[in-house]
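Notes for the one structure printed next.
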Amino acid sequence: MKKTIAGSVFGTVALVLGALSPATAQTYNLTLCGASPGVLWSLLGAGVDAAVKAAYPGSTVTYQTSGGGLANVALLDQSKCDMAIIHDAEAKAAIQGLDPFSEPVTSMATIAQLYTWAPMQAIVNADYAEEHGLTTLEDIAAKQLPIDIVLNRRGNIVSAIGESMLNAIGASPAQIEEWGGSVTYAASAEQGDLIRDRRVDMLLNSLFVNHSSIRELASSIDVKLLPITDETAQAVIDEWNINRYTIPADAYDWNPQDTLTLTVAAQLFVRADADPELVGNITRALVDNFEEIQGVHGAMKGLDVELMAGAGTVDYHPAARAVYSQAGF
């Protein structure tokens, strides 16, 4: 446990501890901006709701559908929701005023990190890889391959990260077209069909390891997973402040080697000017009942309090930081 913390946080700790006493117990009616219904983020919303209910019976956290993390930055900035799930790369774009933001967004504060394991996976048709000697993502540029690649739809942050990965290896979409290939954009649900029907040779997308769509694809055609070099990884990290990720050799029975790539993380945000008592109470509810979030899907089994406290893109709200400090993080 940390022995000392900033003086301003001492006051917040006292406020949080007072807010957590039975005498001040209350109920909350909050909104959480996520993404489409029926996806993992909607399950995370249900988990947050269950955690808050466990601490404050009668409370409700209502999941609000939206266009995803980039849209949630604006919704939170405009106080149209109390909490929002946003990817680390999306938050990075917002605080630096990168496209699509016209100026820096400074109204966000972190309350919890939810997951860090949504790696970018370059999955290529094994027949194409064998024909062209394609063993790493960098080979695309080194061999100037006429490859057809599908990225996530435009406006999705992982589409931009995919483009950054291609740029980092020296194979921009324009260059790939010069070599006789193409880069197209489609939603995750469509990508498997495109490569299965041989309309594209490779997909590059952020997917949980062993995602059902990957299992379905691998059961239809032979596929191969392409690693990147550490140099490529560092170039994209410098741009997006995301992290390296190694997909282990035993993750897929058709991929016999550890595979270096990059991953995006999802975090739960509040407004930086949110009421400290509210933020402290909700953070404590999440810390004490994180199993409610962990249990919403098998992909969330890695969630624990240490991970929740480990985000680094945007500063934690002082009241949330105080709760984690009290918990020893």
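Listing for the model above:
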{"quantity": "Loop-located trypsin sites (Lys or Arg not before Pro) in the stretch 254-329, at most 12 other Cβ atoms within 10 Å (DSSP)", "calculated": "Lys301"}
{"quantity": "Residue of Met108, Met300, Met120 that the Gaussian network model of the chain assigns the largest fluctuation, springs spanning Cα pairs under 10 Å", "calculated": "Met300"}
{"quantity": "Cα-based reach from Lys53 at 20 Å (exclusive), listing aspartates and glutamates while leaving out same-chain residues under 8 positions away", "calculated": "Asp82, Asp275, Glu277, Asp288, Glu291, Glu292, Asp304"}
{"quantity": "Ordering of 195-205, 304-314 by packing [mean C-beta count within 10 Å, highest first]", "calculated": "195-205, 304-314"}
{"quantity": "Computed Kirkwood radius, in angstrom, where 1/r is averaged over Cα pairs of the stretch 163-226", "calculated": "12.9 Å"}
{"quantity": "Burial order of peptide ranges 51-64, 209-222 (average beta-carbon count within 10 Å, highest first)", "calculated": "51-64, 209-222"}
{"quantity": "Qualifying aspartates and glutamates (Cα of each under 15 Å from Cα of Lys92; at least 8 residues distant if same chain)", "calculated": "Asp77, Glu103, Asp238, Glu239, Asp315"}
{"quantity": "Peptides ranked, highest mean first, by Cβ atoms within 10 Å: ranges 244-252, 288-296", "calculated": "288-296, 244-252"}
{"quantity": "Long-range amide H partners of Ile147 with built H, under 5 Å", "calculated": "Gly181, Ser182"}
{"quantity": "Contact order relative to length of the chain, as percent, for alpha carbon pairs under 8 angstrom and 6 or more apart", "calculated": "27 percent"}
{"quantity": "Pairs of alpha carbons in the chain whose separation is greater than 34 Å (percent)", "calculated": "28 percent"}
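Values quoted throughout were computed directly from the atomic coordinates according to the rules given, and no laboratory measurement underlies them. Small disclaimer: the values here were computed from a predicted structure and weren't measured. Every residue, glycine as well, gets a Cβ built from its backbone with ideal geometry; the counts of neighbours run over all protein chains shown.
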